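The structure appears right after this line, and notes come after that.
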Amino acid sequence: MQIPRNRFKAALVARRHQLGIWNILGGSSVPELLATAGYDWIVVDTEHSPTDVPEVLPALQAIAAYPDVSAVVRPAANDPVLVKRLLDMGAQTLLIPYVQTRAEAEAAVAAVRYPPRGIRGVAGHHRASRYGAIADYMAAAEAEICLILQIETRLALDNLEEIAAVEGVDGLFIGPGDLAASLGHPGRNGDPEVIATIDATLARIRAAGLPAGILTLRDEDARRVRGAGSDFTAVGTDVGLLAEAARRLAERSRNA
């Protein structure tokens, strides 16, 4: 048995734009629903969500039934133990939050690689190796793992080129909410300074030779960042969509 090809990583290398959405709600039903909706990638989030590591497995299994959609998992932190568990579950693309320095980037790379190139712990029978059916899994895994690091603070901006230069980093992703807060505009992602910084950062990431990504929640922002160079753009969250639809339905029904 061969290791599954990471379609998301291949698309980034080819610079084909990838449209994404955020999965915050736990369980398998919501990620499965999102997988039918026409997106290229779905973030299974364990940082800003009640979803914990054991709940990632059913989400991955649900998304895997739809071969045109890729799962991206965000661990709660740049923690090699969390990374190891998620990789063993079969996650092939990880979105690591709050990376601010070259050393933190190097630590993330080490966490996704087996020794002697890294520190990932060795286990023989797990979902990633198809429970041992992929005989050369340890030799082949690294080529199909995609590591995306989040740039979301002023310090990360200061160190962006050094972070981007770390071998093994496959892309950089702007976290607009934390970045806005770090720039002194908490909750105001539309502040002119924040918008200008985001657009400039997308250009810097691409100039450094890496694909650039971001999460946006408004149509006009999604159009702007694509024009500014976003290669993989998430355009909403399941919680946000549900909340907006529920409020609109209540308003329509009360005014009917």
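The values are calculated or read from the model by the stated rules, or taken from the named source; none is laboratory data. The model shown is predicted, which means the values in this text are computed figures rather than measured ones. Glycine gets a Cβ as well: all are built from the backbone with ideal geometry, and neighbour counts include every protein chain shown. Side chains are part of the model used for accessible areas, which takes the heavy atoms of the whole protein and leaves out ligands, DNA and RNA. Shrake-Rupley method; radii C 1.70, N 1.55, O 1.52, S 1.80 Å.
Tell me, in nm to one decimal, what length is gained between VAL81 and ARG223 on full extension, where the rule is 0.36 nm per residue of separation less the Cα-Cα distance?
So the extension gain works out to 47.4 nm.
Wrap a convex hull around the Cα atoms of segment 90-220, take a quarter of its surface area, and give that in square nanometres.
So the Cα hull casts an average projection of 8.9 nm².
Looking at segment 51-137 from every direction and averaging, what is the projected area of its Cα convex hull in nm²?
Working: hull surface 24.9 nm².
So the mean shadow area of the Cα hull is 6.2 nm².
Could you tell me what % of all Cα pairs in segment 14-100 have separations over 21 Å? Before the final figure, lay out the partial values.
Working: 860 of 3741 pairs.
The calculated P(r) of segment 14-100 puts 23 percent of pairs beyond 21 Å.
Rg over Rh of segment 3-44, using C-alpha atoms and the Kirkwood radius, what does it come to? Each step should come with its number before you reach the end.
On the way: Rg = 11.5 Å, Rh = 11.3 Å.
The Rg/Rh ratio comes out at 1.02.
If R0 is 22 Å, what FRET efficiency do you get for GLU161 and ALA196 from their C-beta distance, rounded to 0.05?
The calculated FRET efficiency here is 0.75.
Over the chain, what lengths in whole Å, largest first, do the semi-axes of the equivalent ellipsoid take, defined as the square roots of 5 times the eigenvalues of the alpha-carbon gyration tensor?
Result for the chain: semi-axes of 29, 24, 15 Å.
How high is the relative contact order of the chain, in percent, with contacts defined as C-alpha pairs under 8 Å that are six or more residues apart?
Working: 484 pairs, mean separation 48.0, N = 256.
Relative contact order here is 19 percent.
Could you check the simple spin-label distance between MET138 and TYR114, using points 7 Å along Cα→Cβ, in nm with one decimal?
In this crude label model, MET138 to TYR114 measures out at 0.5 nm.
Provide the FRET efficiency to the nearest 0.05 for the ARG130-ARG16 pair, computing r from the beta carbons and using R0 = 30 Å.
Working: r = 27 Å, r/R0 = 0.91.
E between ARG130 and ARG16, to the nearest 0.05, is 0.65.
Between THR237 and residues 5 or more places away or on another chain, which pairs have amide H atoms under 5 Å apart, with H built 1.01 Å from N, and which residues are they?
Here TRP22 satisfy the definition.
Leaving out ligands and nucleic acids, and using a 1.4 Å probe, what accessible area per residue does the chain come to in Å²?
Heavy-atom SASA per residue in the chain reads 46 Å².
Take the Cβ-Cβ distance between ALA246 and THR36 as r, set R0 to 22 Å, and report the resulting FRET efficiency rounded to the nearest 0.05.
0.60
Per the Cauchy relation, a quarter of the hull surface: what is the mean projected area of the convex hull of the alpha carbons in segment 127-186, in nm²?
Result: a mean projected hull area of 5.3 nm².
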